[in-house]
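Nothing in this text is a laboratory measurement; each read-out follows from the coordinates by a stated rule. Small disclaimer: the values here were computed from a predicted structure and weren't measured. Cβ atoms come from the backbone with ideal geometry, glycine included; neighbour counts cover every protein chain shown.
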Amino acid sequence: MSIINELLNALSYTFVVRALLVGSLIGFSAAFLGVYLVILRQSMIGDGLAHVSFLTIAIALLLGQSTLLVSIPIVTLASVLIMHFDDKYHINNDSAIGLISAMATALAILIASINNGFSVDLYSYLFGSILVINDLDMILSLVLAVSVVIIIVYNYNSLLIMSFDPDYAHVIGINVKRMKMLIATLTAITVVLGIRVVGTMLISSMILFPTISAMQVAKNFKTTITYASIISVGSIIIGVFASFLLDIPTGSTIVIINGIIFGILLMRKLRYA
């Protein structure tokens with residue numbers, strides 16, 4: 001009963017409720033997008049965009065501007081550029097992500113040094129802090145989650161074909177470039193909003209872990225999306241409560257829980273293989 005009372009007590013704090021809502025919505029969006037990114041072998045784009053987010057946050061703090069207003073357009077542009085490098089200049093995604101990540105990190109460190117080092121605000125964005133989540137984050141996260149569901153459901157068949165066979169998709173008239181740009185834009189916004197919960201250093205795990213975990217037990221594409229969404233939202237809810245009760249970092253707790261779930265499902269698969 002004491003644990004239940006502690007959990008109920010946690011819900012009396014506004015910042016915990018915000019973290020649960022925003023985290024769940026972002027986790028839901030990341031899981032939906034993650035399935036497509038993993039199949040397209042572009043799952044590490046989240047890591048690259050996280051480094052770009054680090055740069056945009058440093059710029060925003062230096063200029064005293066809103067981190068969201070600075071981050072969303074720049075990170076979206078970076079995401080589109082990564083896709084564009086692959087399609088236009090035949091620079092594979094791994095190389096494009098590496099180039100952009102290295103440049104973004106170098107510039108971020110340079111800006112931070114100009115701004116007298118890493119401030120407490122910048123540190124909270126690096127590793128996540130549920131204390132920085134506000135009402136605007138809640139609204140944007142809800143809009144994002146609804147948009148992801150509507151766009152993916154509406155374009156489900158096109159995205160499915162494009163993910164498994166881009167050449168065939170192009171032959172039958174699907175605008176592959178448009179589909180990739182759509183996924184890139186939604187991923188960029190998800191990364192920007194997700195860093196409030198788990199931080200720039202860990203956001204890519206929200207895209208990768210739930211999908212890989214779901215693939216250990218799912219038997220088809222739709223169930224992979226369903227399981228990934230459940231795993232993602234579940235790990236965030238458990239992580240937020242655990243971090244509050246144990247007074248440990250929220251972002252790392254969420255990632256560790258994701259890792260534990262993946263380990264359990266992997267061992268189960270190997271046992272019954």
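Would you count, across the chain, every pair of lysines whose alpha carbons are under 20 angstrom apart, provided the pair is eight or more residues apart or spans two chains? If you can, show how the numbers build up before the last one.
Numbers: K88/K177; K88/K180; K180/K222; K219/K269; K222/K269.
Eligible lysine pairs with Cα atoms under 20 Å apart amount to 5.
Relative contact order for the chain using alpha-carbon pairs under 8 Å, separation at least 6, rounded to a whole percent?
Rounded, it is 32 percent for the chain.
Given 0.36 nm per residue, what is the gain on full extension from L11 to V80 after removing their alpha carbon distance, in nm? Let's see the in-between values first.
On the way: separation 69, 0.36 × 69 = 24.84 nm, distance 3.87 nm.
Using 0.36 nm per residue and subtracting the Cα-Cα distance, I get 21.0 nm.
Using 7 Å Cα-to-Cβ label points, what is the V171/T105 separation (nm, one decimal)?
Computed distance between label sites V171 and T105 equals 4.1 nm.
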